[in-house]
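As structure tokens, the structure follows; a few thoughts come after it.
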Amino acid sequence: MERTLFVIKPDGVQRRLIGQIVARVEKAGLAITALRMMSMSRDMAARHYEAHKDKPFYEGLLDYVTSGPVVAMVCEGAGAVNDLRALIGATDPAKAGAGTIRGDFGVDVTHNLVHASDSPESASREIALFFPD
């Protein structure tokens, strides 16, 4: 079984979409093996998004993900990384397909509701960051 990190970002929490998003994950056949609501510190957000450090949107991204609570979870299943990424859709909700989480609920490329690991290697690193115990 493969594991991946999935995070509902502050806009998804604020808009009270947690239940609908979690239901879609479970309906897709992924098991949620860990779940917690938390606030990300700026340091944690910087470590999580370190791959984007030199990009122009980096500081705004850190401001956004630290602006309110997030819901972090570990999802498990055969092919969990790819299955979850297909379920959430493209980063830009305008380009995400209908029936995907971002396509149905996303507002714009910044307020795109969710994060999912992009590879098994990223998933391992990200899970350890959000669930150190």
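The values are calculated or read from the model by the stated rules, or taken from the named source; none is laboratory data. Because the structure is predicted, anything quoted here is derived from the model rather than measured. Cβ sites come from the backbone with ideal geometry, for glycine too, and all protein chains shown count toward neighbours.
Report whether or not residue 49 is in contact with a helix residue (DSSP H, G or I) (Cβ under 8 Å, 6 or more places away or on another chain), closer than 14 Å to residue 7 by Cβ and of a type in the set (Phe, Trp, Tyr).
On the way: in contact with a helix residue (DSSP H, G or I) (Cβ under 8 Å, 6 or more places away or on another chain): yes; closer than 14 Å to residue 7 by Cβ: yes; of a type in the set (Phe, Trp, Tyr): yes.
Yes; evaluated as a whole, the condition is true for this residue.
When you scan region 58-119 for helices (runs of 4 or more DSSP H) that lie fully inside it, which ones turn up with 1 or more residues that are under 13 Å from the mean Cα position of the chain (by Cα) and closer than 19 Å to residue 29 by Cβ? Before the answer, list the steps.
Values: elements: 58-65, 80-88, 101-105.
Of the helices (runs of 4 or more DSSP H) lying wholly inside region 58-119, those with at least 1 residues that are under 13 Å from the mean Cα position of the chain (by Cα) and closer than 19 Å to residue 29 by Cβ span 80-88, 101-105.
Name the pairs whose Cβ atoms lie under 7 Å apart, with the first residue in region 1-19 and farther than 15 Å from residue 40 by Cα and free of Cβ contacts under 8 Å to residues at least 60 places away in the same chain, the second buried (at least 22 other Cβ atoms within 10 Å of the Cβ) and not β-branched (Val, Ile, Thr), and 6 or more positions between them or separate chains?
Hits for this filter: 18/12.
Looking at (1) part of a loop (DSSP other than H, G, I, E, B); (2) out of contact with any helix residue (DSSP H, G or I) (no Cβ under 7 Å at 6 or more places or on another chain); (3) hydrophobic (A, V, I, L, M, F, W, C), which is the one condition that is false for residue 40?
(2)
Going through 94, 51 one at a time, which residue ends up being under 17 Å from residue 109 (Cα atoms), of a type in the set (Gly, Ala, Ser), modelled with pLDDT under 95 and surrounded by fewer than 20 Cβ atoms within 10 Å (Cβ to Cβ)? Even if it seems obvious, please write down each step before you answer.
On the way: 51 fails: under 17 Å from residue 109 (Cα atoms).
It is 94.
Looking only at residues in region 5-30 that are surrounded by 14 or more Cβ atoms within 10 Å (Cβ to Cβ) and among the small types (Gly, Ala, Ser), which one is farthest from residue 72 (Cα to Cα)?
It comes out as 28.
Would it be correct to say that residue 42 is within 28 Å of residue 133 (Cα to Cα), without any contact (Cβ under 8 Å) to a residue 12 or more places away in the chain, surrounded by fewer than 17 Cβ atoms within 10 Å (Cβ to Cβ) and not polar (S, T, N, Q)? Give the derivation first.
Working: within 28 Å of residue 133 (Cα to Cα): yes; without any contact (Cβ under 8 Å) to a residue 12 or more places away in the chain: no; surrounded by fewer than 17 Cβ atoms within 10 Å (Cβ to Cβ): yes; not polar (S, T, N, Q): yes.
No: the conditions fail for residue 42.
Output the number of the condition that residue 121 fails; it satisfies all remaining conditions of (1) surrounded by 13 or more Cβ atoms within 10 Å (Cβ to Cβ); (2) without any contact (Cβ under 8 Å) to a residue 60 or more places away in the chain.
All conditions are met except number (1).
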